[in-house]
Amino acid sequence: MRLLEDLQWRYATKKMNGTSVDQEKIDKIIEAARLAPTSSGLQPFRIIEIKNAELKAKIQPIAFGQTQITDSSHLLVFAAYDEYSTERIERSFKQQEVERNLPAGFADDYKNMLIASFNSKTKEEHFDHAARQAYIAFGLAIAAAAELKVDSTPMEGFNNSQLDELLGLAQLGLRSVTILALGNRDEQQDWLVSLKKVRVLKDEFVIQLN
């Protein structure tokens with residue numbers, strides 16, 4: 001299985017060499033994330049693609065000085081909905097009707113149930129749910145990068161509120177969840193590049209209930 005070989009190849013790159021990755025590869029990684037499954041097909045997150053060097057330099061201190069921020073080719077910021085508004089849910093169902101050539105109101109019962117369910121929850125619960133959907137796409141982006149032999153560093157080590165302010169995410173109804181730095185490993189300076197991948201043994205990892 002080629003995917004397993006790709007996942008063996010990848011690691012959380014600690015030092016990138018600053019060279020560029022072909023935009024075509026970046027586009028494929030983003031497309032893999034766009035095609036990710038999400039709850040009720042709502043896709044309650046967006047990806048902010050950043051390759052501008054000056055903007056990456058402003059993000060670096062927000063990410064505790066991590067060099068992958070500025071040495072990367074691209075940064076992908078996964079940002080989730082701050083709430084499931086009625087308008088957002090209705091827009092998603094309308095798109096499904098149009099693209100699947102379904103009659104208007106085809107799934108109104110289910111749609112209205114979703115709206116009522118989210119209306120009974122707090123905005124923080126909305127965001128928590130949306131962030132979990134973003135992580136599904138995040139994982140697929142990491143796997144896609146590995147298949148394309150693009151190095152990546154998954155990052156949660158940053159000040160979310162400061163990044164949100166810098167990128168103006170509140171105006172878009174979004175909050176940052178995680179960052180994926182994409183680039184090329186520096187084989188001479190990355191201390192992790194040649195070390196064995198370590199994971200929990202399968203017999204311990206899998207709990208079989210037969």
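Quick check: is even one residue across the range 54-66 in a helix (DSSP H, G or I), in contact with an Asp or Glu (Cβ under 8 Å, 6 or more places away or on another chain) and either over 21 Å from Leu166 (Cβ atoms) or at pLDDT 95 or above (or both)? Walk me through how you get there before you give the answer.
Taking the range 54-66 and keeping what is in a helix (DSSP H, G or I), we get 54-62.
Now narrow it down to the ones that are in contact with an Asp or Glu (Cβ under 8 Å, 6 or more places away or on another chain): none.
Looking for residues that are in a helix (DSSP H, G or I), in contact with an Asp or Glu (Cβ under 8 Å, 6 or more places away or on another chain) and either over 21 Å from Leu166 (Cβ atoms) or at pLDDT 95 or above (or both), one finds none in the range 54-66, hence no.
Within the range 5-28, can one find any residue that is over 13 Å from Val150 (Cβ atoms), in contact (Cβ under 8 Å) with a residue 40 or more places away in the chain, polar (S, T, N, Q) and out of contact with any Leu (no Cβ under 8 Å at 6 or more places or on another chain)? It would help to see each step written out before you state the result.
Initially, the range 5-28 is screened for residues over 13 Å from Val150 (Cβ atoms), giving 5, 7-8, 12, 14-15, 18.
Checking the rest, the ones that are also in contact (Cβ under 8 Å) with a residue 40 or more places away in the chain come to 7-8, 12, 14-15, 18.
If we keep only those that are polar (S, T, N, Q) as well, we get 8.
Next, from what is left, pick out any that are out of contact with any Leu (no Cβ under 8 Å at 6 or more places or on another chain): 8.
The answer is yes, given that some residue of the range 5-28 is over 13 Å from Val150 (Cβ atoms), in contact (Cβ under 8 Å) with a residue 40 or more places away in the chain, polar (S, T, N, Q) and out of contact with any Leu (no Cβ under 8 Å at 6 or more places or on another chain).
Is it the case that Arg100 is more than 19 Å from Asp186 (Cα to Cα), touching a residue at least 60 places away in the same chain (Cβ under 8 Å) and not hydrophobic (A, V, I, L, M, F, W, C)?
Details: more than 19 Å from Asp186 (Cα to Cα): yes; touching a residue at least 60 places away in the same chain (Cβ under 8 Å): no; not hydrophobic (A, V, I, L, M, F, W, C): yes.
Answer is no for this residue.
Can you pull out the residues in the range 25-53 that are of a type in the set (Gly, Ala, Ser) and not in a loop (DSSP other than H, G, I, E, B)?
Within the range 25-53, the subset of a type in the set (Gly, Ala, Ser) is 32-33, 36, 39-41, 53.
Correct list: Ala32, Ala33, Ser39, Ser40, Gly41, Ala53.
If I go through the range 104-144 residue by residue, how many of them are touching a Lys or Arg at 6+ places or on another chain (Cβ under 7 Å) and of a type in the set (Gly, Ala, Ser)?
Final tally of qualifying residues: 1.
Tell me which residues, restricted to the range 148-163, are closer than 20 Å to Gln68 by Cβ and in a helix (DSSP H, G or I). Reasoning before the result, please.
Initially, the range 148-163 is screened for residues closer than 20 Å to Gln68 by Cβ, giving 148-160, 162-163.
Asn160, Gln162, Leu163, listed by residue number.
For Glu31, indicate whether it is of a type in the set (Asp, Glu), closer than 30 Å to Lys197 by Cα and surrounded by 12 or more Cβ atoms within 10 Å (Cβ to Cβ). Let's see the steps before the verdict.
Working: of a type in the set (Asp, Glu): yes; closer than 30 Å to Lys197 by Cα: yes; surrounded by 12 or more Cβ atoms within 10 Å (Cβ to Cβ): yes.
Spelling it out, Glu31 is indeed of a type in the set (Asp, Glu), closer than 30 Å to Lys197 by Cα and surrounded by 12 or more Cβ atoms within 10 Å (Cβ to Cβ).
One line per residue, one yes/no per condition, for (1) under 25 Å from the mean Cα position of the chain (by Cα); (2) not β-branched (Val, Ile, Thr):
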position: Asp108; (1), (2): no, yes
position: Asn119; (1), (2): no, yes
position: His126; (1), (2): yes, yes
position: Ile136; (1), (2): yes, no
position: Asn160; (1), (2): yes, yes
position: Asp164; (1), (2): yes, yes
position: Asn184; (1), (2): yes, yes
position: Glu187; (1), (2): no, yes
position: Leu209; (1), (2): no, yes
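Take the residues in the range 113-136 that are β-branched (Val, Ile, Thr) and part of a helix (DSSP H, G or I); name whichever of them is surrounded by the fewest Cβ atoms within 10 Å (Cβ to Cβ). Spell out the reasoning first.
First, pick out the residues of the range 113-136 that are β-branched (Val, Ile, Thr): 115, 122, 136.
In the following step, the residues that additionally are part of a helix (DSSP H, G or I) were identified as 115, 136.
Values: Ile115: 17, Ile136: 15.
Ranking the qualifying residues of the range 113-136, first place goes to Ile136.
Please count how many residues of the range 89-109 are surrounded by 11 or more Cβ atoms within 10 Å (Cβ to Cβ) and in a helix (DSSP H, G or I).
Qualifying residue count for the region: 10.
The values are calculated or read from the model by the stated rules, or taken from the named source; none is laboratory data. Every value quoted in this text rests on a predicted model; they were computed, and no experiment measured them. Don't worry about glycine lacking a Cβ; one is built from the backbone with ideal geometry, like all the others, and counts go over all protein chains shown.
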